[in-house]
Amino acid sequence: MWKNYLKVSFRNLQKRKLYTGINLLGLTIAVVSFLAICLYIHHEWSYDTMYSDYNRIYKMNQEFKSDGESQLLSTTPSSLVPTILEEIPEAEIGTLIFDVSIFSTVMVDAGEGNQEESAFAYVDENFYRVFDFKMVSGNPLQAFSEPNQVVLTKSTAERYFGNANAAQGQALKIDNQDYVISGVMEDFPSNSHIDFDFLASFKTRRHGKNPEWSPSNYYTYVKVKPGTDPAVFEGKLKQIVDKYLGKELAEYGYETAFFLQPVTKIHLGDQALDSIKPGTDIRYLYIFGIVALLLIAIGVINYVNLATAEATERNKEVGLRKTMGADRIQLFGQFVSESMLLTFASTLLSMLVLYLISPKFSSISGVPLRLDLLVTPLGITLILAFVVLIGVLAGLYPSLILSGMEPIKALANKTKMGGGAWVRKTLVVFQFFFSIGLLISTMVVKNQLDYMQEINLGYDKEHLVSLSYHYNMGDGIETIKNEMLRSGAATSISRAADMPVYIKAGYKISPGGDNQREFMITGYSVDTDLIKTIDLDLIAGNNFSETDPKRSELEELDDRNLVILNETAVKEMGWTVEEAVGKTINIGFNSNSEVKGVVKDFYFNSLHHQVGPLVIFNDPDQANVLLVKLPVGNPATHLATLENVWQNLVPERPFNPVFVDQAYSHMYNSEQQAGLIFGVFSGIAIFIACMGLFGLVSYVALRRTREISIRKVLGATQQNVVAVLAADFLKLLLVAAILATGFGIWFSKSWLQDFANRTTQSIWPFVISIAVVFLLALITIAYRSWKVYSLNPAKTLKSE
Amino acid sequence: MIQLKEIDKYIESRFQRIFILKGINLTINEGEFVTLMGPSGAGKSTLLNILGLLDEDYSGEYWFGDNNINKMRDRDRSALHKSEFGYIFQAYHLIDELTVYENIETPLLYRKVSSNERKSIIADLLDRFNMVAKKDLFPAQLSGGQQQLVGIARAIAGKPRILLADEPTGNLHSGQAQEIMQVFQELHKEGTTIIQATHARENADFGTRLIQMLDGKIDQDEVITHA
C-alpha cells in the first residue's frame, strides 16, 4: 500500500513541476533555517556539560555590598579554595583560574622572539581534577604541581613548535621567566566557558604560594560531594566569611557573601556576572527559537495553501479512487504520504545545503555547526520525527479537504475552492504578518545601531588608535610618545588607563566638608594631553598642567590632588558647573582633591546606560594605553610610521594598534549579531512568503484564465487585469500590515527599553517595511498575471 | 437482489422542486443484464449512481438483498460498496499517473488483497484482455478502446457481483464498442449482474432486459429474448 502511495505521490510531484518546485524550495529554506537555529541553540545550551560530574561543579561568585549598593563579582580571593577544602567537608575538590589577560597581555618566547599572547591563565594544581579535559601529552594531575609549568593547547603547540607532540618538555620564556611545558591538551571545546591558549601553574604567582583574602581577582570553582544541597553549602560559605573576613570588612562598612552558580548556568546565566568568555543572553535564544518555528510555519503554510488551491485539479483522481472503494482514511494516507515525501526530500536537501553553508555560518555566528549531531541515532530519530510531524501538519488540512470530496461531484469537477478559501486567506495573512513584522524589527534594530554609530559621544573616536603597553616600560613610554609626535604620524598622544569607550574603575566620592553624602564614581587615569587628544569639551576651569601633582605620587591622605569632573558628577554633588571649580572633595582615601575643571559629559560606557559621574585623574603612571590621534590622510601609512618608531624603541614588544571606533562598535556585537540574524531571517521569510504567493496567484490566474481572456477581448489592459487579480491579495496584505504594525510598535518599545540612550521612535521602519513587502508582492502578482494576459484569448476561450 | 421503492430525487430551486427521478420502483435480480436507455436528462446516470451507492441524496427505499441501504451504518455501506460493485465510465477515468498494471491493482489495494494474490489476479486479467505487453504503459499511450478494456479489467478485478457502466461505449467507434459489449456478454454469462446506461439501441441487444426512461420515470420495461 505504502509503496503505491509513494509511487503515486512521486509521479504527481514530478508531473507538477512548478507546484513541487515552490514547495520544495520553500520547505528547504525553512528547514535549513530551522536546523541551523536548532544546532545553534543546542550548542549554546550544551555549555559546560563535557566534564564528568558537571552537575556537581559550581562556580563561586560574590556579592559585595557597600552602603546598601550591591555589586556582583564573578571573582573571589585566592584563599577561598584552600580554605573551603580544609573546612567544608562537602567540598570534594576545588580549583582556581587567574585570567591575567584582563590585566595585560603576556610575552611568550620559544626561542624565536616575543609573541604577544592574550589568552593566558594561571590555574592551580587541581584544575584537571575538576575539569577533566583531554590531554595530548603529559600527566594532567601533575601538570601544575610545580611553579613555572605551563600547558599549551594543541593548536598553540602547533603554532609554536609545528607539531603538538614536539612541545612536551620544551622550555618557554614567558615575560622573561623560564617555564617548562608540562603538557599539551586538546583545544578547549567551543562550548566550554573556559577558553585559553596557555595554562600556567598558579604556584608561580605570589598568591599561589601564599593565598590571601585580598584581592578578589580569581575565578574559583568547587566540586561538591554527591547529594550536597547548594543552599547548605552556601550557608557554610557564610560561616567562612564571618570567620575570616567579616570583622575587617565591617570596619569599612562593607559586606560580602559568596554564592554558588552551577557551572552549566554560567554561559546563559546572569549577564551581569562577567566570565572568561562573554555569555549569551538567554532571551535571544528564545527569540531565535520562536523565529525558527515561525519560519517552518511559513514553509508549511505554503504547502497547505498550494495543496488546497490545487485540490480542484485532483478532484477527478479523488472521485475515482472513492468509486474504486478507497476509504477516507486510505485517501488521507495517500495525501499525507505525499506531503511527507516532500518534507523528507527537502530535509535531505537542507542537510546538503547546511553542509555547504556550515563554514560561512560558523564564521558569522561564532558557533560551529555540528552537523555530526544530526547523524547520531538520536539526531536521525528526531529528524524523522520532524519529517513525520511536518509532513502530517502540512498534509493534514489539504488531505481533509481532498478526502472529504463527494465522489460524483468530484468526478464531474463541480467542487469549488470556496470551502478552504478563508483558511487560505488567514494563512496568507499570517505569513505576511510575520514577514512584515520581522522586517520592521530588523529596521528598528538597525535604526538603533545607526543611532549608536552616529550619536555624538562627546569625544572624537575617529582616527583614534589605542596602543597597549606594559607598565614596566616606565619612562620609556614618554620617549615613545615624543618620538611618535616628532615623526608626524600623530597629532596628539595621551596616556590613559583605557580607551574612552568603556571605562571601568570605580571609586567612592563625597563632596567633603559637612556634606557626608557618598556615591560611586568612575575614575579615569590620564595625562595632560587627554582633553586635546580625544577632543573633550572643557566647560569650566582648566586642564591639568605638567606641574600638577600626579595622583600615584601622593604620599599622605591629605596631600593636595587635582581632578577634573564631568557635568553629571557636578550635578550629583549639587553644584553648578561654575561653583564646582576650586571645591575640595574626598575621593577614595584622599581627602584633599580639588576640582580643577569640568568637562562636558561624554559616553564612557555602553549606551545601555546613562552617562554616570566621572572623575579624571592626573595619573599617567596608572595608564595602560597610548591614545594616538592620527593626522588626516591614509591611516595605514601613519600606522606604518608609528610602528617604525615603536620597533626602534621597544623591539621586544609587539605593535598592536586598535582603532577606537572599532572597539566601540565591538561593544555592540550582540546587538549587531541580533540585527544581522533578524535581517537574514526576515529576508528568508519574505522570500518564502512571496514564493507561496506566487504559487497561489498562479492557481487563481489559471482558474480565472477564461475570465481574464473575456476581459481582454472586451478591451481590458494589462494593468486592469493585474488590478483584478491583485485586489484580493492586497486586501489580505493590508490586514497583515495592520497586525504587523501593532507587533512592531510593541517590539520597538520593548527592545529599545534596554537602551538608556535610544533613537526616537520613527514611522519609517514601518512605512519602508510595508512598502517593500507590498512592492514585492505586487511584482509577484503582476508577473503571474502578465503570463495569463499574454495567452491568446482565441485559444483559451475555445477550450471551454 | 436489488429493490428500489418510490425513489425520488429532486433539486430544490427557488420556486419549485425539479424532479430528476420520480417514483422509481425497480427490482433487479441476480444475473440480469439490464440496459437503461433514454434521452439525455432522463435520469439514467442518476439512477445508476444511486444503485452504485455513489449518491445518497434521495428519498425512498433501497433494499440490497435483505438490507435496507438507507438504514445501514456508513461503515457497512462502504464495505458493501467495496465488495459488491464495479464501475465503468464513459470517459474511462483511468488514473493518468498510474500504469495499466497499477490502475488495475488500485481497487485490490483498497481491498487489502495480498501481494501474491494481486499478482495472479492482474496476470489473469491482462491475459484475458490481451494486454500483457501493455501493462507498463500509461493511459495516455493507449487507444480509447484499450483504455476502456483497462477500465473494465479494473472494475472486475475485485470480483464484484454487480457491474455498473455509464455509457461505456460513448467515446468509442463502433468496432471497439462491439468488442466491449462482447466482453460484457461474457461477464454476464459468468454470472455477473450488469447494469448499463446507454444511448445506443444496439448495445441493449447484448442484455436481457431493457428499461426505457423518460423525464425521471420508467417509461417501459421489457425483456429481451435472444434468438
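The values are calculated or read from the model by the stated rules, or taken from the named source; none is laboratory data. The model shown is predicted, which means the values in this text are computed figures rather than measured ones. Every residue, glycine among them, receives a Cβ derived from its backbone with ideal geometry; neighbour counts consider all protein chains shown. The accessibility values were calculated without ligands, DNA or RNA, using every heavy atom of the protein model including side chains. Shrake-Rupley method; radii C 1.70, N 1.55, O 1.52, S 1.80 Å.
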Exercise for the section: Using only Cα atoms, tell me the angle between helix A:230-244 and the longest principal axis of chain A; keep it within 0 to 90° and round to the nearest 10. Expected result: 10 degrees
Handout entry: Selection from A:LEU295, B:GLY144, A:TYR19, by position along the positive dipole direction of the protein assembly as shown (Cβ)
Key = B:GLY144
Completion exercise
Averaged over the residues of A:315-324, the number of partner chain Cβ atoms within 10 Å of each residue's own Cβ comes to 6
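Leaving out ligands, DNA and RNA, and with a 1.4 Å probe, what % of the accessible surface on chain A is carbon or sulfur?
The value for chain A is 57 percent carbon and sulfur by accessible area.
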Exercise for the section: Grab the Cα-Cα distance for A:SER145 and A:LYS247, subtract it from 0.36 nm times how many residues apart they are, and report the gain in nm with one decimal. Expected result: 33.3 nm
Fill in the blank from the handout: Calc'd 3J(HN,Hα), region A:450-467, phi into Karplus 6.51 cos²θ - 1.76 cosθ + 1.60 (θ = phi - 60°), Hz, glycine/Pro = x, comes to 4, 4, 5, 6, 9, 4, 6, 7, x, 9, 9, 8, 6, 6, 10, 10, 10, 10
Practice task
Compute the projected area of the convex hull of the Cα atoms of the protein assembly as shown, averaged over all viewing directions, and report it in nm² to one decimal place.
Solution key: 59.0 nm²
Practice task
Could I have the simple spin-label model distance between B:ASN70 and A:ASN482, label points 7 Å from Cα toward Cβ, reported in nm to one decimal?
Solution key: 11.8 nm
Handout entry: Partner lysines for A:LYS446 [C-alpha distance under 27 Å; skip if fewer than 8 residues away on the same chain]
Key = A:LYS277, A:LYS360, A:LYS461, A:LYS749
Completion exercise
Amide H contacts under 5 Å for A:TYR507, restricted to residues at least 5 apart in sequence or on another chain and with H modeled in the peptide plane, are A:ILE521, A:THR522, A:GLY523
Problem - Amide proton proximity set for A:GLN115, modelled H, under 5 Å, gap of 5+ - result: A:VAL108, A:ASP109
Problem - Anchor A:LYS322: lysines whose Cα lies under 20 Å away (excluding residues fewer than 8 positions away in-chain) - result: A:LYS3, A:LYS7, A:LYS409, A:LYS414, A:LYS416, B:LYS82, B:LYS112, B:LYS159
Exercise for the section: Determine the per residue accessible area of region A:57-265 with all protein chains present and a 1.4 angstrom probe, expressed in square angstrom. Expected result: 44 Å²
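To the nearest 20 debye, what is the magnitude of the charge dipole of the protein assembly as shown about its Cα centre, counting +1 on the Cβ of each Lys and Arg and -1 on the Cβ of each Asp and Glu? Walk me through the intermediate numbers first.
Numbers: 94 positive and 112 negative charges, 1228 e Å.
Computed charge dipole of the protein assembly as shown: roughly 5900 debye.
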Exercise for the section: Rounding to the nearest 20 debye, state how big the charge dipole of chain B is about its Cα centre with +1 on each Lys and Arg Cβ and -1 on each Asp and Glu Cβ. Expected result: 380 debye
Completion exercise
To the nearest 10 degrees, the tilt of helix A:718-752 (Cα long axis) against the first principal axis of the alpha carbons of chain A is 30 degrees
Handout entry: Net charge dipole size for region A:679-776 [Lys, Arg +1 and Asp, Glu -1 on Cβ; Debye, nearest 20]
Key = 320 debye
Fill in the blank from the handout: Accessible-area loss of at least 10 Å² (1.4 Å probe, chain alone to full protein assembly) applies in region A:1-30 to A:MET1, A:ASN4, A:LYS7, A:VAL8, A:ARG11, A:ASN12, A:LYS15
Exercise for the section: Give a residue-ordered list of calculated ³J(HN,Hα) values for region A:688-696 (Karplus: 6.51 cos²θ - 1.76 cosθ + 1.60, θ = phi - 60°; whole Hz; x for Gly, Pro). Expected result: 4, 5, 5, 5, x, 4, 4, x, 5
Completion exercise
For the pair A:GLU707 and B:ARG14, the simple spin-label estimate (label points 7 Å beyond Cα toward Cβ) gives in nm 2.2 nm
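What FRET efficiency comes out for A:GLN610 versus A:SER214 if R0 is 41 angstrom and r is the Cβ-Cβ distance? Round to the nearest 0.05. Write down the numbers at each step before the final one.
Working: r = 32 Å, r/R0 = 0.77.
The calculated FRET efficiency here is 0.85.
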Completion exercise
Computed over chain B: longest principal axis from alpha-carbon atoms vs helix B:74-84 long axis, angle to nearest 10 degrees, is 60 degrees
Practice task
Find which of A:VAL392, A:PHE602, A:ASN566 sits farthest along the positive direction of the dipole of chain A, computed with +1 on the beta-carbon of Lys and Arg, -1 on that of Asp and Glu, about the Cα centre.
Solution key: A:VAL392
Fill in the blank from the handout: So, relative contact order of chain A in percent, Cα under 8 Å, 6 or more apart, is 14 percent
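Excluding ligands, DNA and RNA, what is the accessible area buried between chains B and A, summed over both sides, using a 1.4 Å probe, to the nearest 100 Å²? Intermediate results must be reported in sequence, preceding the final value.
Details: alone 11620 and 36940 Å², together 46470 Å².
Buried: approximately 2100 Å² between A and B.
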Handout entry: Global geometry of region A:57-265, whether rounded, prolate or oblate, following the gyration tensor of its Cα atoms and the 1.5 cut on a/c
Key = prolate
Problem - DSSP-defined beta bridges in region A:464-666 - what % are antiparallel, rounded to 5 - result: 75 percent
Fill in the blank from the handout: Computed ³J(HN,Hα) along region A:560-568: with the Karplus parameters 6.51/-1.76/1.60, θ = phi - 60°, integer Hz and x for glycine or proline, the list is 6, 10, 10, 9, 10, 10, 9, 4, 4
Handout entry: chain A - share of DSSP beta bridges that are antiparallel (%, nearest 5)
Key = 80 percent
Completion exercise
The aspartates and glutamates whose Cα lies under 16 Å from the Cα of A:LYS425, excluding any fewer than 8 residues away in the same chain, are A:GLU310, A:ASP728
Handout entry: Greater than 27 Å apart at Cα, pairs in A:LYS243/A:LYS550; A:LYS65/A:LYS243; A:LYS154/A:LYS225
Key = A:LYS243/A:LYS550; A:LYS154/A:LYS225
